[in-house]
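The values are calculated or read from the model by the stated rules, or taken from the named source; none is laboratory data. What you see is a predicted model, and the numbers here were worked out from it, not measured in a lab. For neighbour counting, all protein chains shown are included, and Cβ atoms are generated from backbone atoms with ideal geometry for every residue, glycine included. In case anyone asks, the SASA skips ligands and DNA or RNA and just uses the protein heavy atoms, side chains included. Shrake-Rupley method; radii C 1.70, N 1.55, O 1.52, S 1.80 Å.
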Amino acid sequence: MRAEEGLQSIAPARRPGDVEIITGDPATGILLLCDHATNAIPPELNLLGLPPQQLERHIAYDIGAAEMTRAMAQALGAPAVLSNFSRLLIDPNRGRDDPTLVMRISDGAIVPGNARIDDAGIAERIARYYAPYDAAIDSAIATAIAAGHPPAIVSLHSFTPFWKGVPRPWHAGVLWDREGRLARALIAALQAQGDLIVGDNEPYNGGLPGDTIDRHATRRGLLDALVEIRQDLIGEPHAARAWGLRLARLLPGALAAAREM
């Protein structure tokens, strides 16, 4: 969920705290999520006291993930929900009681605007950013279920090519917790491509209580997978779109295989 690229442009009509919703056909049986889509911080927070170059890093958002998600949604005709605030404000892929919900230090960078945040300040950020994103996901799931198509939840992220100086060999990783049927089917589909090193719960472990998948998929008994793509492979928009199309080609078959397990 990390790497380096320039500041993302934000559509003028969308402000940090708004939610980007891509409408799609619930009959696809898929809902795409992008927790860390942008590095947007409202002007009044003065970049949380950070120099602008820090917002170009993985600590602020998942580079390439938003463009990849949009390409997948378009190719599949599937609905998608994307955040529109930096993970430095508050991380929607954490439980509300997780100590890393608001990071005071992230990969060596001290975040001055978070250093003295209190419970009231965290509650305000939950209400302004975290809760609307959560509610948009709940609404998309409810719409799909009401249409008779309980959705498989696919959450899209990216990770840095190196961590603490150690290279990460995986091109893609698929994270899962508990039964993991869709994740295992998607891992098999990616491995069958023949040109990829695919991480099974690498470079992270998928079992994070209270995270997006846990809140929205596991607790509802929905199929799920969290997909991580290495950021040097999707750092440019055309490359992110290409990966989105690649995943869109593989996902329906993986979903069908998971439902037969």
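Hydrodynamic analysis of the range 75-140 uses the Kirkwood radius over alpha carbon pairs. Inserted into Stokes-Einstein at 10 °C and 1.306 mPa s, it gives a translational diffusion coefficient of 122 µm²/s.
Summed over all non-identical Cα pairs, the Kirkwood treatment of the chain gives a radius of 18.3 Å. Grouping the Cα pair distances of the range 42-181 into 10 Å bins from zero gives a pair-distance distribution of 9, 33, 36, 18, 3 percent in increasing distance order.
State the Kirkwood hydrodynamic radius of the range 18-68 in Å, one decimal place, computed from all pairs of distinct Cα atoms.
One over the average 1/r among Cα pairs gives 13.1 Å for the range 18-68.
Here the label points at A127 and L245, each 7 Å from Cα along the C-beta direction, are separated by 4.6 nm in the simple model. Phi-derived couplings, Karplus 6.51 cos²θ - 1.76 cosθ + 1.60 at θ = phi - 60°, listed residue by residue for the range 230-238: 5, 5, 5, 8, 10, x, 9, x, 5 Hz, with x used for Gly and Pro.
Our summary of shape: the Cα atoms of the range 186-261 have principal axis extents of 35, 27, 19 Å, ordered from largest down, in whole angstrom.
Expressed as a whole percent, the accessible area of the chain that falls on carbon and sulfur atoms is 54 (1.4 Å probe). The antiparallel fraction among DSSP beta bridges confined to the chain stands at about 40%. The residues neighbouring T212, those whose beta-carbon lies less than 9 Å from its own, together hold a net charge of -2 under the Lys/Arg +1, Asp/Glu -1 convention.
Amide H contacts for A152 (H built 1.01 Å from N in the peptide plane; partners 5 or more residues away or on another chain; cut-off under 5 Å): I30, L31. Accessible area per residue for the range 153-260 is 43 Å², calculated with a 1.4 Å probe on protein heavy atoms, without ligands, DNA or RNA. Bridge orientation summary for the range 159-249: considering DSSP beta bridges with both residues in this region, about 60 percent are antiparallel. Packing-based ranking of 176-187, 80-91, 199-210 yields 80-91, 176-187, 199-210, ordered from highest to lowest mean Cβ neighbour count within 10 Å. Model label sites at D25 and A146, defined 7 Å from Cα along the beta-carbon direction, differ in position by 2.0 nm.
Compared with the direct C-alpha span, the chain from L45 to I105 gains 19.9 nm at full extension, assuming 0.36 nm per residue.
In sequence order, the range 47-59 has phi-based couplings of 6, 6, x, 8, x, x, 5, 5, 6, 8, 8, 4, 5 Hz under the Karplus curve 6.51 cos²θ - 1.76 cosθ + 1.60, θ = phi - 60°, and Gly or Pro positions carry x.
Using a cut-off of 11 Å between beta-carbons, work out the net charge of the residues near A189 (Lys and Arg +1, Asp and Glu -1, A189 not included). Result for the neighbourhood of A189: +3. Taking a sphere under 12 Å around the Cβ of D138 and counting the other residues whose Cβ falls inside, with K and R at +1 and D and E at -1, yields a net charge of +2.
Computed from the Cβ-Cβ distance with R0 of 22 Å, the FRET efficiency linking Q74 to H238 stands at 0.95. Taken about its Cα centre, the chain carries a charge dipole of roughly 180 debye when the Cβ of each Lys and Arg holds +1 and the Cβ of each Asp and Glu holds -1. Would you compute, from DSSP H runs of 4+ residues alone, the mean residue ellipticity of the chain at 222 nm, taking -39500 (n - 2.57) per run and dividing by the full residue count, rounded to the nearest 500? So the helix-based figure for the chain works out to -9000 deg cm²/dmol.
Please report Rg over Rh for the range 112-225, where both radii come from the alpha carbon positions and Rh follows the Kirkwood definition.
Values: Rg = 17.2 Å, Rh = 16.4 Å.
A ratio of 1.05.
With just the Cα atoms defining each centre, how far is the range 181-255 from the range 80-131? Give it in Å. Rounded to whole Å, the Cα centres lie 24 Å apart. The I197 and R116 beta-carbon pair, evaluated with R₀ = 51 Å, returns a calculated FRET efficiency of approximately 0.75.
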